[in-house]
Amino acid sequence: MNIIETNIKRRVSAVNLLQKVIFIMDISNSPIAFCTVVSQQLHCLCPRSQKMLAIELCRADIEYVGVRIKCRGNIGGNMQPMKANPVRVLGISGSPRSMATEFLVREALRIVSEKYNAETEYFSAHGKKLEFCIHCDFCVRTKEGCVHKDDISAELYPKMTWADAWIIGTPVYQGTISAQIKTIMDRCRAVVARDRKALLNKVGMGIANGGDRAGGQEPAIHAILGFYIINEMIPVGGGAFGANSGAAFWSKDKGAEGVSEDLEGMKSLRKTLARLVETAQKLKEY
Ligand SMILES: Cc1cc2nc3c(=O)[nH]c(=O)nc-3n(C[C@H](O)[C@H](O)[C@H](O)COP(=O)(O)O)c2cc1C
């Protein structure tokens, strides 16, 4: 991560996300501008004003961690990330109840919609008919989807293929994901059997909340990230100093009230959402 200083004394950081483009992030890790490197100068496009701002480089190689550069133009203010081609985000709540997990996934969708202008869809396991995969291989033999006709095939499959990015939220059950989320994951075999590229390069993150402070949130998130890898999706966490593998919450078994009081959890959620949307945006631009 490269540190830059602006002429308004505001410290922001620049992240080299993909080879040629650098995102300038504010201190809450939200992207406020995009830059490309032109010789010794960093040319910065402010999304709101569409104005080119020249930023002097102190050192030629901005790839090095900790390089300090000074900004001649003002890149501060309330700039929003680019919104030309909105990212489509699907949120899945894997709790059989309408409580903590549902609150968190809905909150995540609210944030990506309001902050990043994302389009959103939502699916909750609450009250839904979710059939287990029975390994009948109907999907592999026929390539016509799943033999089960339930709420996953009717409602969730179309949302899955529509989305550029997924948020899977789970309560922690026995130190890992809920049975509802595992069922949804297993049923994705039919999606990929029908179209090998159906999930390719979609971006995904995980949210886990447990009644205990260290009740298995990390293993649950890692199970979600592993699922993304297996299905050729791109898993993201929220980065060090606040989020690491993803969004982890301690509900104290108090439902939405419990998780909304978990300020560290909320920080991990915002940081991970920023990574999710940035990554999905860059992939859409490619
Ligand atoms: C079957 C079951 C197993 C659970 N196992 C764990 C666990 O291993 N670790 C933990 O921290 N909480 C565990 N819990 C508590 C839930 O993770 C916690 O109450 C969570 O906030 C529920 O989310 P919800 O309100 O969205 O349903 C378990 C709850 C149930 C019903």
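The values are calculated or read from the model by the stated rules, or taken from the named source; none is laboratory data. Worth saying up front: this structure is predicted, and the values here are computed from it rather than measured. Because the Cβ atoms are built from the backbone with ideal geometry, glycine has one as well, and the counts that use them run over all protein chains shown.
Overview of results
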{"quantity": "Residues (near the ligand (Cβ under 10 Å from one of its atoms), crowded, with 20+ Cβ neighbours inside 10 Å and not hydroxyl-bearing (S, T, Y)) located in region 219-265", "calculated": "A220, F249, W250, V259"}
{"quantity": "Test: residue in region 263-282 that is part of a loop (DSSP other than H, G, I, E, B) and either modelled with pLDDT under 95 or under 22 Å from T176 (Cβ atoms) (or both)", "calculated": "no"}
{"quantity": "Residues of region 99-147 satisfying the condition of being assigned to a loop (DSSP other than H, G, I, E, B), of a type in the set (G, A, S) and surrounded by 15 or more Cβ atoms within 10 Å (Cβ to Cβ)", "calculated": "A118, A125, G145"}
